1. Here are ALA50, ALA87: which of them is touching a Phe, Trp or Tyr at 6+ places or on another chain (Cβ under 8 Å) and either surrounded by 14 or more Cβ atoms within 10 Å (Cβ to Cβ) or over 19 Å from ILE157 (Cβ atoms) (or both)?
2. Under 7 Å by Cβ, and 6 or more places apart or on different chains, what pairs join a residue from the range 124-147 that is without any contact (Cβ under 8 Å) to a residue 60 or more places away in the chain with one that is surrounded by 13 or more Cβ atoms within 10 Å (Cβ to Cβ)?
3. Tell me yes or no: at least one residue of the range 51-58 is in contact (Cβ under 8 Å) with a residue 24 or more places away in the chain and out of contact with any helix residue (DSSP H, G or I) (no Cβ under 8 Å at 6 or more places or on another chain).
4. What number of residues within the range 135-154 are within 14 Å of the ligand (Cβ to nearest atom), among the polar types (S, T, N, Q) and out of contact with any helix residue (DSSP H, G or I) (no Cβ under 7 Å at 6 or more places or on another chain)?
Amino acid sequence: MGPPGAGKGTQAKILAEKYNLLHLSTGDILRSEIQKKTVTGLEAQSYMDAGNLVPDTVMLSMMESTLTELKNGGIILDGFPRTVPQAKGLNKIFEKLNSKIDYVLNIHVQDTILIKRLIERAQNSGRKDDTEEVIINRQQVYTKLTAPLIDFYNNEIIHINGDGSINQVTQHILEKLQ
Ligand code: AMP
């Protein structure tokens, strides 16, 4: 977990490789559904373009089928759950699948650094949701709907200082996991 620009995707990829986990990014899955013009993609597009969250019901049914189809093995979830109802729904899915969450990592980054990173990313990513107006909306959505998950996962959360370079942040995570 972490606000947009915290480096969730970057660190998730590194950890997936190191620990042989499947990296599941809901943002990437949704972008691929949009490209394939599926029903989920068509439903999600306007929310994503505006920097709003795709409705919980859509996310939960997408993730239930994705997680159910997977064989046993470790997964690193990136960008999901993003609301308390999603987290409750995920618990129910994992109960059905006889699976569980081992760790919740929350990457903290100072606001000024976040904005700088997002502006840099906007120049290179070509993502429609990387414009200034949408970036501001995504930060507000994070504060209102996603930040409450920090309390929800209070017992299992591991806080990571995400201000440094990619390498430094990876080192923080590895130290905490050990
Ligand atoms: P990301 O690539 O994680 O930054 O996600 C990009 C966009 O996809 C978000 O701004 C949302 O519109 C949508 N999205 C990704 N994951 C979720 C989720 N768990 N719940 C709702 N919307 C999501």
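Since every read-out is calculated from the coordinates, none of them should be taken as a lab result. This structure is a prediction, so every number in the text was calculated from the model and none was measured. Reconstructed Cβ throughout: ideal geometry from the backbone, glycine too, with neighbour counts over all protein chains shown.
1. That would be ALA87, the only listed residue that is touching a Phe, Trp or Tyr at 6+ places or on another chain (Cβ under 8 Å) and either surrounded by 14 or more Cβ atoms within 10 Å (Cβ to Cβ) or over 19 Å from ILE157 (Cβ atoms) (or both).
2. Every condition considered, the pairs that remain are ASP130/LEU118; ASP130/ARG121; ASP130/ALA122; THR131/ALA122.
3. No, the range 51-58 contains no residue that is in contact (Cβ under 8 Å) with a residue 24 or more places away in the chain and out of contact with any helix residue (DSSP H, G or I) (no Cβ under 8 Å at 6 or more places or on another chain).
4. Adding up the residues that qualify gives 4.
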